[in-house]
Every structure is written in C-alpha cells, then in structure tokens.
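The values are calculated or read from the model by the stated rules, or taken from the named source; none is laboratory data. Model, not experiment: these values are computed from the prediction. All Cβ positions, even for glycine, are placed from backbone atoms using ideal geometry, and neighbour counts span all protein chains on display. For the accessible areas, the whole protein counts, side chains as well, though only heavy atoms, and no ligand, DNA or RNA atoms are used. Shrake-Rupley method; radii C 1.70, N 1.55, O 1.52, S 1.80 Å.
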Amino acid sequence: MLVTIITPTPDDISAFGVRSLSSYLKGFGYKTRIIFLPGSIKKSDPQGKYMYQYSTRTLDEVSDLVKGSCLIGISFMTYYFDRAVQLTKVLKQQCKTPIIWGGIHATVRPKEALKYADMVCVGEGEETLLELARKIENGENHFQVKNLWLKENGHIIKNSLRPLIKDLDSLPFFDYSLEEHYCFDYARGYIREIDDALFQELLPVRPDLDGNFRVCYRTMTDRGCPHKCTYCSISIQKELYEGEGFFRKRKVDGVIEELRCILNRFPFVKTIQFFDDTFFARNTAEIEKFSALYKQHVGLPFHAQCSPRTITERKLQSLVDAGLIFTEMGIQTGSMRIKALYNRTESNAETIEAARIIHKYKNKLLPPDYHVILNNPWETDQDKLDTLNLLLQIHKPYSLQLSTLQFFPGTKLYNKGKEDGFFKNDIREIYRVPFLAPRIGYLDFLIYLAGNQWISRRTLTLLASPRPRKLMNRESLIPLFRIGFILLEKGRLFAKGLEALAAGDFARIKRYLKRAE
C-alpha cells in the first residue's frame, strides 16, 4: 500500500514531521512517497497581501505522482494554507483517493480543514496515520481512529486524542533514504526525483569560522519547548496535551547515532544545524555528555539555538569545545510590559547576561543572531525605545532577525487580537502576512540599525533623543524607512553574494536567483 505525503515548505526541505511519518510507516512495511514543494510564486491580492499559487504544470505533476496511492496526506503550516487548498481542490478533481490534512494549522483549525480535506489529523500523527493506513488497507471502518476528525452524513466526528509518544527514541530516524522522494526543482522548473546530487543542492549552506560556506544537515532532537510564549503555536500544543509533558527530548546516544548514519550516507555534509527551539534546554550533564560524544564521533562545526534562561557559561563552553560555531537567541522585546504580554518571564538583566556569555566567546563563534518582534499593535513608542535601549547594552558584533508579530490561530495572542479588533479576515490578515517583512517606522529602523556593527551606540542614542524623534517619527515617513531597510538588506545580500563568488559557490548564487524570481 502506498501513502503519499505532500508538504508545501519554506526554501529548505527539512520537513521533520513529514520525514518522521514516512519513516514510521516504512517501519511497518508500508511504501511512502514524499513530494516536497518548497518556495512559492507570490501574487498580490487586492489588499496587498500575499497569495501563493502553483503553476498548472506543477499541479499536473503532483496529480501524476499521487496515482496509485491509497491515502494522500498534506502537511503544512498556516502560511501555506492557500497552497494546501489549491492542491486539495485539484487532487479531488483528479482522483478519488482520500485526503487527510495534518500539521499545526490542521490541528488548530480542524473544522476549517474539513471544508477541503476528507479527514484531519489533530495532534501527533505517527500512530494515527499507521492505524488509518491499516484500516484502509483492510477495508475497515476508520471513523473511530483516535486523533482523527472527519465528516459523516454532514456531521463532524471528533475522535479523542491518543496519548503522546513519550519515548522519542522509540521512533526511527527521520526519513532521508531519498527513496520515492520528489521535489520541485527551481533550476529546472519541474518536479523531479531526488538523487544525491539534487539533495546536496537542496540542502542549506551555512558559514564556517573561516568564511567559507558548508553544506548543512538539519535535525531536531526534541519536540516542543520549555517556554510557553503566547505568540507561539507550541503553546497551543501544550494546552492540547495538558498534563502529559509535551516537551520531550531524544537521548544523546540516539542523536549521535543519527548523525553518524547521515555522514556515512552523505559525506558532502560538512556542518550540522540543530533546529530545536532551544537546544540549550538540556541540563548541564546532558550537554556535557553530548559534547564529548559529538566531538569524538562527529567532529563537524554546528549551530544551535538558546534562550536567555537556558544558556549558561558552562553549557556554552562545553558546546564550543565540541564544535559549536553559531548560536541565536530570542530577545523579542526590551519592554517589560510587552514581555508580560508575550509571557516572556526573563528580565532584561538576564538577557544582557546571556548575551555577555555569548560575547565572551566571540573569537570562537560567529556573530550571533538575536530575534526581535516588530509590528505589535499594542506596542507604544516607549516600548520600542525600551527594546532599543536593551540592544544598546549588548556587546557587538551581532545581527538582528526582525519579524512581524504573527497571530497564529489558537494562541492567546490571537484571541486577544481578535477581541481587540486588530483583524477581521483571518485568511487575508493572518494567513497571508509575510513573517519576515516587517513594517518599518522610525523607531523600528533604529532597532534595525542597532544590529549594524558600524553604527555606534552614541549615534543611535542621539537619533533616539526627543528632537530627532519629533522630526522623523511620522506616519508619512514610513515608506522612506521601508526603502532604507530594503536597500540595506539588499546591500547585505550583495555582500553575501560577493562572499559566495570569492568561495566559488556558484550553485548557491544560482539557487538564490531562481527563488527570488
């Protein structure tokens, strides 16, 4: 029996959830096919937001690839809603195979999902998909499979949740077999089967300490996060499984074994990125065990994320000794009022101390990325100044990852935004809002400039003083600062392009140009 899983993704094809589903089904003798559809063609709707549409050719290719499947799964995040709808409508016209939606958006919005899909998986999908596949294969009624929502005679059946998979080490490694893996190829403009050469091309590249870019393998070693930020979809999952301990970690030995298998299979991988929200959430003993085994058996440079309350100097020192060359950390805001809104419990002093620890290893680490959220409708000018003042207390060099505040459906922040009337049409005002395209006003622009190592603290303090603010902090000037932001970002990308040219990495430049079309 063949199960086909389609996943609209960002520009990478990590898709950990889909790969886990595939490997789990294969472990029980099922054949799987994965279709990765990274990136998108952007078309502006009348409100100026973004819509995502696949070409007729791509849709026809997907339709051909699902032939012979007994079940089609579509897994996606909120940003890819338009694409999931488009795919589902076309596939329903082309075949009678049942379609199930999964992923965080389907978990949060199962009723909406059932307007398009035949079934919805709410919560974790490995055991659910296996039970569903068995019942379809045996011609049995599947209307009572736990975690499934579906319709019968116009009525919605809401089956109960099954318990979480407590032992993540009981799951097989993510499916990187490349068997029956297909991907939209930007360079050629069509979907093709992934071989080793294409896989190497599709993998992200990350800088090393010597300035050269290395092919990077991404993995995750946990599920969930120790924090419960009100803007994050993980908080919804924690509430869904309240009392079950949603945050779970794989054992260190299993993580090391996965990496050894990957390096043996794909020798062109030269760096590792741990995609966990906070890899540093492991306790010190686990970090030290990981560091020792990683240094002995893997030995490649790697990247990992931290948070102000999970990083310690002892953890960082151990990881740096093992090969850590880059970390990033969520700051989000310097305003204590907005921190409370986000349920971010760390103080600014703790954030500054965490950044000080990172800066102490500046000669062994690449400049860190600090994440900041803009475009919060509850934020005042004073809140933005608080964020700027916090950033001015952090040692350079560092870069800022600025993002637009997202109202993920089901989060506490979404509910508050809905109550306060900040949006009325979820599809236009939430699903289609670009994550990394913030609206830039004067104070936002100063926050952005704080991440520029060439602009001094004194200069930014002067620019943030009352007189310049009175002159420049105007709604009419927002387009000007947006242009400034775009030009500086283009300059940064141009500098990266020069680095790639100097390193002879023409494939990286080609990939970027194709995806920017």
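Order Lys249, Lys412 by their accessible area, 1.4 angstrom probe, all chains in place, largest first.
Most to least solvent-accessible, the answer reads Lys412, Lys249.
Using only protein heavy atoms and a 1.4 Å probe, report how much of His395 is accessible, in Å² to the nearest 10.
110 Å²
Find the accessible area per residue for the stretch 48-196; the probe is 1.4 Å, ligands and nucleic acids are left out, and the unit is Å².
Ligands and nucleic acids excluded, the figure is 45 Å² per residue.
Send over the Kirkwood Rh of the stretch 206-337, from the inverse of the averaged 1/r over different Cα pairs, rounded to one decimal Å. Intermediate values should be presented prior to the final figure.
Values: mean 1/r = 0.0632 Å⁻¹.
So the Kirkwood estimate lands at 15.8 Å.
Probe radius 1.4 Å, ligands and nucleic acids left out: which of Phe423, Phe247 has the largest accessible area, and how do the rest follow?
Largest to smallest exposure gives the sequence Phe247, Phe423.
Of the heavy-atom accessible surface of the stretch 368-440 (probe 1.4 angstrom), what whole percent is carbon and sulfur?
In the stretch 368-440, the share of accessible area belonging to carbon and sulfur is 47 percent.
Of Glu350, Glu179, Glu242, Glu112, which has the most accessible area and how do the rest follow, probe 1.4 Å? Write down the numbers at each step before the final one.
Working: Glu350 65, Glu179 115, Glu242 150, Glu112 30 Å².
Largest to smallest exposure gives the sequence Glu242, Glu179, Glu350, Glu112.
Would you work out what percent of the accessible area of the stretch 164-280, with all protein chains in place, is carbon or sulfur (probe 1.4 Å)?
Of all accessible area on the stretch 164-280, carbon and sulfur atoms account for 50 percent.
Could you pull out every one of the aspartates and glutamates with an alpha carbon less than 14 Å from that of Lys412, ignoring same-chain neighbours closer than 8 positions?
Partners within reach: Glu239, Asp420.
I'm checking a number: the convex hull volume of the Cα atoms of the chain, normalised per residue, in Å³. What is it?
154 Å³
Under 16 Å from the Cα of Lys31, which lysines turn up, not counting those fewer than eight places away in the same chain?
The qualifying lysines are Lys67, Lys135.
In square angstrom, what is the accessible area per residue of the stretch 234-278 with a 1.4 angstrom probe? Intermediate values should be presented prior to the final figure.
Details: 1990 Å² over 45 residues.
I get 44 Å² per residue for the stretch 234-278.
Please report the spacing between the Cα centers of the stretch 290-315 and the stretch 405-473 in Å, no decimals.
Going from one Cα centre to the other spans 32 Å.
For Lys166, list the lysines whose Cα falls under 22 Å from its own Cα; do not include residues on the same chain fewer than 8 positions away.
Leaving aside lysines fewer than 8 places away in the same chain, those within reach of Lys166 are Lys26, Lys146, Lys228, Lys238, Lys249, Lys251, Lys289.
With N denoting the number of residues in the stretch 340-446, provide Rg(C-alpha) divided by 2.2 N^0.38 Å, to two decimal places.
Numbers: Rg = 15.9 Å, N = 107, 2.2 N^0.38 = 13.0 Å.
Relative to the rule-of-thumb radius for its length, the stretch 340-446 sits at 1.22.
For the chain, what relative contact order do you get, as a whole percent, if you take Cα pairs closer than 8 Å and at least 6 residues apart?
12 percent
Can you name the helices of the chain, as whole DSSP H runs, whose Cα span along the helix axis is 24 Å or more and whose Kyte-Doolittle mean is not below 0.0?
478-502
I'd like the projected area of the stretch 87-239, averaged over all directions, using the convex hull of its alpha carbons. Report it in nm² with one decimal.
Projected area, direction-averaged: 13.4 nm².
In a shell of Cβ-Cβ distance under 11 Å around Ser347, excluding Ser347 itself, what net charge do Lys and Arg (+1) and Asp and Glu (-1) give?
0
Express in Å², to the nearest 10, the accessible area of Leu341 obtained by rolling a 1.4 Å probe over the protein heavy atoms while all chains stay in place.
Ignoring ligands and nucleic acids, Leu341 comes out at about 40 Å².
Note down, for the stretch 423-472, the three equivalent ellipsoid semi-axes (square root of 5 times each alpha carbon gyration tensor eigenvalue), biggest first, whole angstrom.
Semi-axis lengths for the stretch 423-472 are 31, 14, 5 Å.
How large is the helix-only mean residue ellipticity at 222 nm for the chain, computed as the sum of -39500 (n - 2.57) over DSSP H runs with n ≥ 4, divided by its residue count, in deg cm²/dmol to the nearest 500?
Result for the chain: -12000 deg cm²/dmol, rounded to the nearest 500.
State, to one decimal in nm, how far the label point of Arg260 lies from the label point of Glu179, with both points 7 Å from Cα in the Cβ direction.
2.2 nm
Accessible area per residue for the stretch 279-329 in Å², computed with a 1.4 Å probe and the full protein assembly in place, what is it?
Per-residue value: 36 Å².
Considering only protein heavy atoms, what is the solvent-accessible area of Met119 at a probe of 1.4 Å, reported in Å² to the nearest 10?
Number for this one is 10 Å².
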